[in-house]
Each structure stands twice: as structure tokens, then as C-alpha cells.
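Peer 1: Okay, here's the structure, questions in a sec.
The values are calculated or read from the model by the stated rules, or taken from the named source; none is laboratory data. What you are looking at is a predicted structure, and each value in this text was computed from that prediction instead of being measured. Cβ: placed from backbone, ideal geometry, glycine included. Neighbour counts: every protein chain shown.
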Amino acid sequence: MQWTELIVFSALFLLVTVMGFLAARWQKGDTLEHLDEWGLGGRKFGSWITWFLVGGDLYTAYTFVAVPALMFGAGALGFYALPYTIILYPLVFLPLVRMWSVSRVHGYVTPADFVKGRYGSHWLALIIAVTGIVATMPYIALQLVGLEAVLRSMGLNGSGILGHLPLFIAFLILALYTYQSGLRAPALIAFVKDILIYLVILVAIIYLPSKFGGWGEIFNDAQAKFDATPSKADGILLTGTNQLQYATLALGSALALFLYPHSLTGILASRGRNVIKRNMVALPAYSLLLGLLALLGFVAISAGTKPIVNQATGRPDTNTIVPELFGANFPSWFAGIAFAAIGIGALVPAAIMSIAAANLWTRNVYKEYIKKAATPAEEAKQAKLASLVVKFGAVAFIVFVDPQFSIDLQLMGGVMILQTLPAVAIALYTRWFHVYALVAGWFAGMGYGMWLLYTIGNPAIGKAHFAGSALPLGNISIFGWHPFGASTTQIYVGIIALFVNLLVAVVVTLIAKKAKWFNGTDQTDPSDYHVDEDNPRVKPIAAH
Amino acid sequence: MPSEHKTGLRWSNWNLLLILPLFMLITPWFNQDEPRIFGLPFFYWYQFLFVVLGVVCVGLVYVKTKDEPVVTGKPDKLGVDDLDEGAN
């Protein structure tokens, strides 16, 4: 047991717990009994709060442990996180402000709300909502993996159900203050989380390389390690087969990120269009941080860091290499701060994700199918309860199911959420696609994507299915015909699935236009997409 | 409020700058070790430079399109009767 680390960690954890409960009173509206308030923090966050909130939301604890772990294990491929988070902002800069405006005029809380308004179809909205919930759940579970990696590094590495007790307590506290304060809790805690993360990474990136002979030495050590492995796919540079995977994984991940309901929650909670635009300029500061952090995976190679064995599963857990690196090379009190940064870093996104999933459930399932006449107060109550269910579902997942399963599901989640791109992102610009076509495309992309993931095996880790998202082009077959022969060049599955989705959607749309099928009613007006905060047409906050 | 005549899309040529960062996806351009800077292989520092490029591109688009009047895409073709509306 590492007491100094534990005490520093607990003190900081206590601090954010108090903040989480007090957040209910912070910038309080007239009532918390409305989704605009509980689920979107009053829709009035300014540039700074949004920067911390969205930064804390997108750059999660799991990212902070998994990206260096991937660099540690596979080399250059893990660096895709940098291009991913750089091209992200130019890609979403224009669509996001449109989404904000139209949502502000009509009071939309979720992406599925928008789809329902745009196409007048609650079935299409249901598909989008369910996709969002299913894709978000394993993401929440993975935040727990990040938190647990830290707890185990501090010596809380018990076996069996009891080994998960610290995790359970941490999550219970999180669940309680999220229930009480809603989105304001993670927004306030994000300040602490992000400041700690910046502090830790900057110290790590300046101090650690000098300790191990500088960057040149570190990269040479990494190269030597990868040369010694039998695998040809690893190394400090990309190989012939994984370059396409690198580029498409970065692109696919960037396209997918703001389709996740929790990312959009942070955007819809902001005050106006300029807040979002300024953040698109300022958020890459986190990308820089992530890039530097990724390099710590190589530092860990130089330092000879060994992943610790997870007592609950009996396997070495590479996600522990960053906590282990910090623990072995920092004084205990600073290691405690570093662990707290990662631990709190798990709480912020987990809270926002559970709120986003709860909003989807409440708006697009509960109010649509279970209780149509629900008042705003009943909606808020339902969402609070749903957020509890979602969080404990995630804990149960980690405790009772192998964490590897969550990682597999998260992999599938990325491919799934990408299939909502035509209905959510493209619909922001045009209603050219027919509503039937969007549904057909979704089924095609989803089905084909899942099938392709199933075909990916990796004998090296003893998995025949769902062993990753890198698809050898040779695996693609169209009714037995292999358009790419036996090519071993890899590509990200999500991109292929999205392509199939769009192809089917185009074909069905053309048929629908020929047959003159009714394409639903559009609640939105073209001018809705440019409305800003000072426009009289914005819907009053927390109005019925 | 139908009184606001706006079409669904606004366009500014500055938006084209948003394409520039996507060029970092062309991996053959930078998948090499040399030259190194501070020990960092070319592959890594080249991509770090794109953080700056991305910020500059998005920032320019933000600043340059901030006060842009709404481009309706259609010239103002009000009928004579519309112009005379106040006179009645």
C-alpha cells in the first residue's frame, strides 16, 4: 500500500466531491427540475467553462492511459490520436454551430431530438437514440478501467469482488452528486481535472526524458525493443500495411467524436455560437497535451516499466504503464497528484456520458413511448434516475464481465456511432436523403460493420474475433468476390461501414424520389441554423 | 418568423482553409525518421507542427467570417409592390 499517494489522492478526491455537491448552487437557474438545467447546465456556459468542460469530456482518463499504452505496445500506430484530434476541429467547426442554433431555437436536448424535428420521424430518432446509448455505455465502463488502473497502482489491487470495492465507492459518490447537480458538477470539477492534468503532463514531459538520456535515446530504445519483437507491424514508424489504417482511423474517429451524445451535450450547454467557435480554436491545446502524453509510452520503454498484473483477471494490464511510470519515477506526493489527475479525469467524462445517455433515454424513449404527457419536472426526475442506472450498469459491467469485453464493445461503439452520421450531420445541411434511406443505410452499415469486426482475428493474442479495428483489405468480400485480392493493407472498419451506409442510403433515396414516397415533415426552417444567442427566436431556457 | 429571408447555407471562401489540416492524413509524406529535432524523429515533430497549423486555419476562419453579412445566395429581387409597401 502506498500511503503518501493514497492520502494525496484521497484529499483531491474529497475536494472534487465537495465541489460536485456544491455545484448544484453554482450559477443556479430558477429550477433544477428541467432538462435544460439538470442536463445542460442552463445552456449558458461561456468560453472558459466550455473549454474546460468539453476538454474534460473529450480527452478522457481512458485516453490518457490507453494511448500511451498503445504506443508502448504497438509503436507509431498509437500516435493516430494526434492527427485524430487535430483534424477534428476543422471538420466540425461549421456543422457544430448549425447544430447549436437549430437546437437552441427548438429546445433540442439530444441529437435524436434534432433528427425527430428534421424528419418528423420518432422511429428514426429512436434508432439514433439507441445507437447513442449503446455506444456510450462501454465508453463509461472504460473510464472505470482508467480509474481502476490508478487504484491498482496505488496498491488497492485486491482480487475478486472485494478488489473492486474502491472503484465502487468512487462511483457511488460520483453517481450521487451527478444526481443532485446534473451537468454543473462535471463542469465545475473539470477545472480541477484539467489543471491537474496540464501540471502533471508538463512536469512529466520535461523531467522524465532528461532522466532517461533525452528523446533521441528514448526513441532508439523504443526502436530496439520493437526490432526485437517477432511482429513486423510495430516500430517507431508506420509500416507498409498500417499507413492506411493510421489515416482512416484518425479520420473515422474524428468524424465519430461529435456524433457521440456526450460530446454534443457540452456543445449544446454553451451560451452561443461564438463560444463554440472560440473553443474550436482553443481546444487543440489538449491535442498538444495528448500528443506529448502519447510519447510517454516510449519513455516507459526506456524506463523499463512493467505493466502490473491485474489480480481480478490474472493478466498483465498494459493500461497501468503510465501510472506505473509515474509511481516509479516521481516522488510519492507528486505521484499522488498524477494519480488524482487521471482518477478525476475519469469522473468528469463518466458524469457527462451518463447525463447524455440519460437525456437520450428520457427525451427519445420515455417521453416518446412510455409517458407522452410527461412534464419537464417528470423528465428531469426520469433523467436523474436513468443516470444512476447507467452508471451502475457500467460498474456491473467492469465487476462481473471481463474488462476486455468493454474494450471490444467500445471498439464496436465507434463503428456504430459513425453510422448515425448521415441522419445527424448530413441532415444539418440537407434533407436530400429520404428517411427510409437513412434507416436502410443505418441497418446496412451497422450490419456490415459488425460482421467485419467479427472477421478480424489476431492469433498473437489468441483472439479469433473482435481483435481490433484494423481490417485487412483482403477480408472484404462481396458475395465471395474479393475486390482487393489477398491484400494485407489495413483499413479502419468504420470507414468501410460508413461507405456502405451512404451507398445504400443514396440508392434507396433515388428509389424513394422516383416513387414519390412521403419524406416526413420538417419542423425546422432554413434560417434556424444561423440564429445566435441575442436573437429573439431562441427558445426561453427551462420553459415548458 | 418568415420575415427573415435567409437561405439554409452561408459560404465564405475562407472556409476552404478548413481543408488544409486534412493533408496531415497523407502518411507517405512524413513517415520517416530523419531529420530529427531534439531527438524527435521527423514523423513526430512534423505532426506536432500540424497542431499549430490547425489552430491557425480554424482561427483565421473564425476571425474572417465573424462579422460577415449573411450571404443569401440570391440577389435582392423585391418586386416594386414590396418596395412601395410603406406608402400604402
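Peer 1: Just checking, does the stretch A:493-503 include any residue being surrounded by 12 or more Cβ atoms within 10 Å (Cβ to Cβ), within 12 Å of another protein chain (Cβ to nearest Cβ) and more than 30 Å from residue B:66 (Cβ to Cβ)?
Peer 2: Yes, the conditions are met somewhere in the stretch A:493-503.
Peer 1: Ok, one more. Could you figure out which of (1) in contact (Cβ under 8 Å) with a residue 12 or more places away in the chain; (2) outside any helix (DSSP H, G or I) isn't true of residue A:191?
Peer 2: (2)
Peer 1: Please determine whether any residue of the stretch A:325-332 is within 21 Å of the chain's Cα centre (by Cα) and either surrounded by fewer than 20 Cβ atoms within 10 Å (Cβ to Cβ) or not assigned by TED's automatic domain parsing to the domain that holds residue A:76 (or both).
Peer 2: no
Peer 1: Filter the stretch A:377-387 down to the residues that are surrounded by 17 or more Cβ atoms within 10 Å (Cβ to Cβ) and either in contact with a Lys or Arg (Cβ under 8 Å, 6 or more places away or on another chain) or farther than 12 Å from residue A:140 by Cβ (or both) and list them by number.
Peer 2: A:379, A:380, A:382, A:383, A:384, A:386
Peer 1: Could you please let me know if residue A:466 is among the aromatic types (Phe, Trp, Tyr) and in contact with a Gly (Cβ under 9 Å, 6 or more places away or on another chain)?
Peer 2: Values: among the aromatic types (Phe, Trp, Tyr): yes; in contact with a Gly (Cβ under 9 Å, 6 or more places away or on another chain): yes.
Judged against the criteria, residue A:466 is a match.
Peer 1: For the stretch A:412-427, state whether one or more residues are in contact with a Gly (Cβ under 7 Å, 6 or more places away or on another chain) and closer than 18 Å to residue A:475 by Cα.
Peer 2: Yes, the stretch A:412-427 contains a residue that is in contact with a Gly (Cβ under 7 Å, 6 or more places away or on another chain) and closer than 18 Å to residue A:475 by Cα.
Peer 1: Another question, if that's okay. Looking at the stretch A:48-86, which of its residues are among the polar types (S, T, N, Q) and modelled with pLDDT of 90 or more? Walk me through how you get there before you give the answer.
Peer 2: The initial filter retains those residues of the stretch A:48-86 that are among the polar types (S, T, N, Q), namely A:50, A:60, A:63, A:85.
Selection gives A:50, A:85.
Peer 1: OK, next. Which of the residues belonging to the stretch A:57-90 are among the hydroxyl-bearing types (Ser, Thr, Tyr) and within 14 Å of another protein chain (Cβ to nearest Cβ)?
Peer 2: A:59, A:80, A:84, A:85, A:89
Peer 1: Related question: Would you pick out the residues in the stretch B:16-36 that are more than 16 Å from residue A:79 (Cβ to Cβ) and more than 7 Å from chain A (Cβ to nearest Cβ)?
Peer 2: Listed by number, the residues that qualify are B:16, B:17, B:19, B:20, B:23, B:34, B:35.
Peer 1: Something else now. Residue A:54 passes all but one of (1) within 14 Å of chain B (Cβ to nearest Cβ); (2) under 18 Å from the mean Cα position of the chain (by Cα); which number fails?
Peer 2: (1)
Here's the yes/no breakdown for (1) over 19 Å from residue A:54 (Cα atoms); (2) not aromatic (Phe, Trp, Tyr):
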| site | (1), (2) |
| --- | --- |
| A:329 | yes, yes |
| A:339 | yes, no |
| A:347 | no, yes |
| A:362 | yes, yes |
| A:372 | yes, yes |
| A:378 | yes, yes |
| A:386 | yes, yes |
| A:397 | yes, no |
| A:401 | yes, yes |
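Peer 1: One residue is enough: does the stretch B:34-54 have a residue meeting the conditions charged (D, E, K, R), more than 20 Å from residue A:287 (Cα to Cα) and without any contact (Cβ under 8 Å) to a residue 12 or more places away in the chain?
Peer 2: Checked the stretch B:34-54: at least one residue is charged (D, E, K, R), more than 20 Å from residue A:287 (Cα to Cα) and without any contact (Cβ under 8 Å) to a residue 12 or more places away in the chain.
Peer 1: Restricting the search to the stretch A:461-500, which residues are out of contact with any helix residue (DSSP H, G or I) (no Cβ under 7 Å at 6 or more places or on another chain) and either acidic (Asp, Glu) or farther than 19 Å from residue A:246 by Cβ (or both)?
Peer 2: Selection gives A:461, A:462, A:463, A:464, A:477, A:478, A:479, A:480, A:481, A:483.
Peer 1: Further, regarding this structure: Of the residues in the stretch A:386-436, how many are among the aliphatic types (A, V, I, L, M) and more than 13 Å from residue A:255 (Cα to Cα)?
Peer 2: Step one: list which residues in the stretch A:386-436 are among the aliphatic types (A, V, I, L, M), which gives A:386, A:388-390, A:394-396, A:398-399, A:401, A:407, A:409, A:411-412, A:415-418, A:421, A:423-428, A:435.
Next cut, more than 13 Å from residue A:255 (Cα to Cα) only: A:386, A:388-390, A:394-396, A:398-399, A:401, A:407, A:409, A:411-412, A:423, A:427-428, A:435.
Residues in the stretch A:386-436 being among the aliphatic types (A, V, I, L, M) and more than 13 Å from residue A:255 (Cα to Cα): 18 in total.
Peer 1: Among the residues of the stretch A:195-241, write down those that are buried (at least 18 other Cβ atoms within 10 Å of the Cβ) and under 18 Å from residue A:81 (Cα atoms).
Peer 2: If the condition is that a residue be buried (at least 18 other Cβ atoms within 10 Å of the Cβ) and under 18 Å from residue A:81 (Cα atoms), then A:197, A:201, A:233, A:234, A:235, A:236, A:237, A:238, A:239 are the ones that fit.
Peer 1: Same structure, new question: Only residues that are among the aromatic types (Phe, Trp, Tyr) and buried (at least 24 other Cβ atoms within 10 Å of the Cβ): list them for the stretch A:333-360, please. Outline the logic, then answer.
Peer 2: Narrowing the stretch A:333-360 to residues among the aromatic types (Phe, Trp, Tyr): A:333-334, A:339.
If the condition is that a residue be among the aromatic types (Phe, Trp, Tyr) and buried (at least 24 other Cβ atoms within 10 Å of the Cβ), then A:339 is the only one that fits.
Peer 1: Is there a residue in the stretch A:450-463 that is crowded, with 20+ Cβ neighbours inside 10 Å, within 24 Å of the chain's Cα centre (by Cα) and aromatic (Phe, Trp, Tyr)?
Peer 2: Filtering the stretch A:450-463 down to residues crowded, with 20+ Cβ neighbours inside 10 Å leaves A:452-453, A:456.
From the residues that got through so far, the ones that are within 24 Å of the chain's Cα centre (by Cα) too are A:452-453, A:456.
Filter once more, so that each one left must be aromatic (Phe, Trp, Tyr): none.
No, the stretch A:450-463 has no match at all.
Peer 1: Go through the residues of the stretch A:72-80 one by one and say whether even a single one is touching a Phe, Trp or Tyr at 6+ places or on another chain (Cβ under 8 Å), in contact (Cβ under 8 Å) with a residue 12 or more places away in the chain and on the phi > 0 side of the Ramachandran plot.
Peer 2: Checked against the condition, which is being touching a Phe, Trp or Tyr at 6+ places or on another chain (Cβ under 8 Å), in contact (Cβ under 8 Å) with a residue 12 or more places away in the chain and on the phi > 0 side of the Ramachandran plot, the stretch A:72-80 yields at least one hit.
Peer 1: Checking the conditions here, which among A:517, A:481 is over 30 Å from residue A:117 (Cβ atoms), surrounded by fewer than 20 Cβ atoms within 10 Å (Cβ to Cβ) and aromatic (Phe, Trp, Tyr)?
Peer 2: Of the residues listed, the single one that is over 30 Å from residue A:117 (Cβ atoms), surrounded by fewer than 20 Cβ atoms within 10 Å (Cβ to Cβ) and aromatic (Phe, Trp, Tyr) is A:481.
Peer 1: Now, a different point. Being part of a loop (DSSP other than H, G, I, E, B), of a type outside the set (Val, Ile, Thr) and either more than 24 Å from the chain's Cα centre (by Cα) or more than 14 Å from chain B (Cβ to nearest Cβ) (or both) narrows it down to one residue among A:468, A:441; which is it?
Peer 2: Selected residue: A:468, the only one of A:468, A:441 that is part of a loop (DSSP other than H, G, I, E, B), of a type outside the set (Val, Ile, Thr) and either more than 24 Å from the chain's Cα centre (by Cα) or more than 14 Å from chain B (Cβ to nearest Cβ) (or both).
Peer 1: Sticking with this one: Looking at the stretch A:366-420, which of its residues are under 20 Å from the mean Cα position of the chain (by Cα), more than 24 Å from residue A:315 (Cα to Cα) and hydroxyl-bearing (Ser, Thr, Tyr)?
Peer 2: Correct list: A:387, A:420.
Peer 1: Among helices (runs of 4 or more DSSP H) lying entirely in the stretch A:58-167, which contain 3 or more residues that are more than 24 Å from residue A:290 (Cβ to Cβ)? Before the answer, list the steps.
Peer 2: Numbers: elements: A:61-74, A:81-106, A:111-119, A:122-153.
So the answer is A:81-106, A:111-119, A:122-153.
Peer 1: Can you tell me how many residues within the stretch A:405-431 are more than 17 Å from residue A:258 (Cβ to Cβ) and either within 14 Å of chain B (Cβ to nearest Cβ) or small (Gly, Ala, Ser) (or both)?
Peer 2: 3
Peer 1: Could you please find all residues in the stretch A:15-37 being outside any loop (DSSP other than H, G, I, E, B) and not assigned by TED's automatic domain parsing to the domain that holds residue A:173?
Peer 2: A:15, A:16, A:17, A:18, A:19, A:20, A:21, A:22, A:23, A:24, A:25
Peer 1: Residue by residue through the stretch B:37-63, note down the ones that are modelled with pLDDT under 90 and surrounded by 14 or more Cβ atoms within 10 Å (Cβ to Cβ).
Peer 2: The first filter runs over the stretch B:37-63 and keeps only residues modelled with pLDDT under 90, leaving B:38-39.
B:39 - this is the single residue of the stretch B:37-63 that is modelled with pLDDT under 90 and surrounded by 14 or more Cβ atoms within 10 Å (Cβ to Cβ).
Peer 1: Need the failing condition index for residue A:237 against (1) at the interface with chain B (Cβ under 9 Å from one of its Cβ atoms); (2) in contact with a helix residue (DSSP H, G or I) (Cβ under 8 Å, 6 or more places away or on another chain); (3) more than 16 Å from residue A:297 (Cβ to Cβ), just the number.
Peer 2: (3)
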